[in-house]
1. Residues B:ARG601, B:ARG577: which one is at pLDDT below 70, out of contact with any Gly (no Cβ under 6 Å at 6 or more places or on another chain) and either of a type outside the set (Gly, Ala, Ser) or surrounded by 15 or more Cβ atoms within 10 Å (Cβ to Cβ) (or both)?
2. Here is a check on your reading of the model: is B:ARG651 modelled with pLDDT under 85, out of contact with any Asp or Glu (no Cβ under 9 Å at 6 or more places or on another chain), of a type outside the set (A, V, I, L, M, F, W, C) and surrounded by fewer than 24 Cβ atoms within 10 Å (Cβ to Cβ)?
3. Within region A:96-106, count every residue that is modelled with pLDDT under 90 and facing chain B (nearest Cβ under 8 Å).
4. Could you identify the single residue in B:GLU258, B:GLU209 that is among the charged types (D, E, K, R), more than 21 Å from B:ASN92 (Cβ to Cβ) and either part of a loop (DSSP other than H, G, I, E, B) or in contact with a His (Cβ under 7 Å, 6 or more places away or on another chain) (or both)?
5. Tell me, which strands (runs of 3 or more DSSP E) wholly within region A:132-240 include 1 or more residues that are surrounded by 23 or more Cβ atoms within 10 Å (Cβ to Cβ)?
6. Which of (1) surrounded by 20 or more Cβ atoms within 10 Å (Cβ to Cβ); (2) farther than 24 Å from B:GLY29 by Cα; (3) not aliphatic (A, V, I, L, M) does B:THR686 not meet, given it meets every other one?
7. For region B:664-766, which helices (runs of 4 or more DSSP H) that fit wholly inside it have 2 or more residues that are more than 24 Å from B:PHE347 (Cβ to Cβ)?
8. Does B:THR268 qualify as being in a strand (DSSP E or B) and among the hydroxyl-bearing types (Ser, Thr, Tyr)?
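The values are calculated or read from the model by the stated rules, or taken from the named source; none is laboratory data. Everything numeric here is computed off the predicted structure, so don't read it as measured data. Glycine also receives a Cβ, built like all others from the backbone with ideal geometry; neighbour counts cover every protein chain displayed.
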Amino acid sequence: MSTTGANGVVFQTRGLTKVYDMGEVQVHALRGVDIDLYGGELLVLLGPSGSGKSTLLNILGGLDTASAGQVIYRGRELTTASDSELTEYRRHHVGFVFQFYNLIPSLTARENVAAVTEIARSAMAPADALTLVGLSERVDHFPAQLSGGEQQRVAIARAIAKQPSVLLCDEPTGALDSTTGIVVLEVLERINRDLGTTTALITHNADIAAMADRVVRLADGRIVDVHRNVEKKPARELRW
Amino acid sequence: MRALDQKLLRDLMRLRGVVLAIALVLVGGISTFIMSLSTYDSLVLTQAKYYRDHRFAQVFVSLKRAPESLQRRFLDIRGVDKVETRVVAAVNLDIPGFADPVSGQLVSVPDRGEPLFNALYLRRGRMVDPARDDEVVISESFANAHQFRLGDALSVTVNGRRKAVTIVGIVLSPEYIYEIQPGAVFPDYQRFGILWMARAPLAAAYDMEGAFNDVALSLTADANHDDVIDRLDEFLRPYGGRGAYGRQDQLSHKFLAEEFGQLETMATVFPVIFLGVAAFLLNVVIGRLINTEREQIAILKAFGYRNGEIGWHYTKFSLMIVAIGLAGGVVVGIFLGKGMSAVYQDFYRFPFLEYELKMSVVVNAALVAVAAGLAGTLTSVARAVQLPPAEGMRPETPTEFRATLVERAGLQRWFAQPTRMIMRHIERRPLRALLTVLGIASACGVIMVSNFQEDAIHHMIDVQYGMSSREDLSVSFVGPTSARALQSLKGVAGVAHVEGFRSVPVRLHFEHRSFRTALQGVESDGELHRILDKDLRRIKLPAAGVVMTDYLAKILGMKAGDWVTVEVLEDSQPVLRATGFARPKTFQFADVLAGSQPALRLPLVATTKQYLGVSAYLRRNVLNRLLEEGDVINGAYISTDSRYQSKVYSRLKDMPRVSGTVIREAAIAQFNQTMEQTILFFTMVTASLGAVIAFGVVYNSARIALSERGRELASLRVLGFTVGEIAYILLGELALLTLMALPIGFMFGRALCAYLVSQFESDLYRIPLILEPDAYSFATMVILTSAIISGYLVWRRLRCLDLIAVLKMRE
């Protein structure tokens, strides 16, 4: 896949719709979403539970498929991509951070990162990635031996170690207290700034929006507001 | 090591309980497979080597008497390669301290050098000195049965003359692997033995100097077996030939072949069933295990692992389990196979054992195990990777919620919420419930198969010795004898009732099929020896025609109304002349075919149910008339007053014309012993392996159900449910499925038994399909015990569910 310049459009969605078929009922998670994401930008997706933000992120990351509409990643249409094309896309272009970390419990911090770097094209060394997130002392610990914040930082290290062009974070601080959450956000901020990784971050915490370049509000499967922060607040100054 | 391989090893360690339980199922299946087939292969190989090394003859014939000069002329018969003449004599033995009548066979060994055929294997002592007339070597089984030692003395009655002999050696012979007294169903090593003596002294004692009455031959490579037998019969007719026969009719070989045939059936049917069941279970449990990995598969997918890579990862995972099971199965299988072969070696008294495990057996077992493991893995992985990772990472949510049948029927008020959860869970996942039920049912069936034979054998004994052969003992005479002999038997103190019989060796022919057996002339209204129909009711023998064992009719392809052609294989002329009867007619089938002798043809009137042996029956007076002889018997059934039994025995011993005695109780004991040492031993081993499989299945079902539902149950604990209450939800479901599995298992087991029974039919015996309640209750007990132990192990885990972890997890 070709890459465009740092400030070009990375993602473009048009009329993006997702309907979950839950047996007798149909749940409309997305009802026609049009949005563009730009290279190097830090975007915060804000909205209450069930507003469709996770669904949007999952479709952008190739974890889920749309029911209708279009997603274009750097000029390439994702909505028509096959399963194996989506796999290749995830493998080389996207880093994920989940609310519940989703580490592999039987692997140490270093091995969790290695599980991803082993299949990537130009990955950094797992230890370097863990150093970037401030965990150089904890590389040989198993997830169960780490605090929630540390686990989430391992997850971030795992996501950035392959040097993805986009980093998608689904409520990365949702399971953490505010102090730990801010540490995690500082890491994400630094990655976005230093590595220039386009980052989309989901939260239902409006206070976090202050660190974004742009804030997109979703409600009931639609975009209700797009707002550009004139002045970004550093993550360490956030309070909630 | 790659991170994913690291994960593999750690997951195997973490899941070691489940991994071992799955491997255990496989160990059960594979070790049965290897044990059975290697035992069978080893026995066949050992037998072949024994026969070859000890030059077991190919054709045998006994005759009245022929001059030694005839020997060279055998070689003129086309197809005959080598020939050796012998003297064989029926003898009665007197063993100090043993009251029962003992008979035996005295066989000559050449005066110079090794015998050409049927070479003896010297276990202890030495061979006989040809110059001495008072030395014998005896068979090891006979020696062991009486604990004879070298140098012990015996009294042998040859030709009516008593002679003292000394045991100088103990031997084994390929010709007498089974030592069976003519007329007996099973060997009785205490009451029948084989002895060998130098040719010259034996011939002198038996009036066979310069003559022989027994021949062993080998055939040229291009010989036609049946043609040689026909030519031999013709050649020996003037000398009282009793019909030549090949190995397949040689008594010891025939019994051995039947036994091996049954072993072969067991050694193929059992392991195939076991391995099949184990493979099915492996498929099911590995599939379920992979299902519990659904979330991790989704994570790997999210990071860009390809379906193939994920498939290979889990393939390695299940191959590791299969490898553990395979390695364990091969090791246990070889261990049991060697042990079992040694038991059979001892039973058959093979001088050596060639243990053989064919590589193909291991390869087949491995292929089946790997295929079953892969099928289970790949179907589950394929299902898991089909889901978009976003969905896979969420806990599996049932898409359909609905009230169960019970609830729709309005019965829910009778059930508490936990019970309703059990029922809904089963109804929501009917396929999984069905597979669990089938898994437990097949384990149940396997246990029934390995256990049913004991009941069947008891039933056989009841029918054979309780309803049909009701005599306490049967005696046979050295030859046809006037029925007046019955009077002297009746006169013996302690004898309550006597019935004479006339038995004649025959070859029966129908269409192109023939069978060598005895035609039994018995009293039509006999009390002691009864003929039974298929419903075990007594049949009165018809005035004209024969009644056959149903199995014999099946072998010959006959039905009632067909006419069987009878070829009589006995020439009793000298005896009858001595007792003053008319010369009997000897029927030779060759003459019948050539038209020079009238065919003795008889209609088949009915068939009789008989589990042991095969015979044809007709009224004795009819048989006497057909043989153109008078009121003649050659044996008698006797019932005795148990208080005088030993007196009766010692009187019988003194009767010179009594050549053999079969005691009913001894026959039953022998039958039981033979069964215990062969079939029941085998089934005992397989039953234990079946129990291992059963436990593996039940434990896996419980353990995997726990990993599938751990989160849900921990949540209930958080809500205030007690360990007992959540255990009820999990184990109640297992209990319900186990109970549902039992009747299906019974049906499955019964069908398997029926199949085995049909495979087991042989000349020796037919095992009836009898399943007593204890077969069902044993299988039930094994399954329930497995369920209780599994339940206990799972309950222990439920007690330490991590409640905090579940609260942190998203639901």
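1. B:ARG577
2. Yes: the conditions hold for B:ARG651.
3. Final tally of qualifying residues: 6.
4. Testing whether each residue is among the charged types (D, E, K, R), more than 21 Å from B:ASN92 (Cβ to Cβ) and either part of a loop (DSSP other than H, G, I, E, B) or in contact with a His (Cβ under 7 Å, 6 or more places away or on another chain) (or both) leaves just B:GLU209.
5. Working: elements: A:166-170, A:198-203, A:214-219, A:222-228.
Once the strands (runs of 3 or more DSSP E) in region A:132-240 are filtered for at least 1 residues that are surrounded by 23 or more Cβ atoms within 10 Å (Cβ to Cβ), what remains is A:166-170, A:198-203, A:214-219.
6. Only one criterion in (1) surrounded by 20 or more Cβ atoms within 10 Å (Cβ to Cβ); (2) farther than 24 Å from B:GLY29 by Cα; (3) not aliphatic (A, V, I, L, M) is unmet by B:THR686, namely (2).
7. Qualifying helices (runs of 4 or more DSSP H): B:681-718, B:723-760.
8. Considered against the rule, which asks whether it is in a strand (DSSP E or B) and among the hydroxyl-bearing types (Ser, Thr, Tyr), B:THR268 comes out as no.
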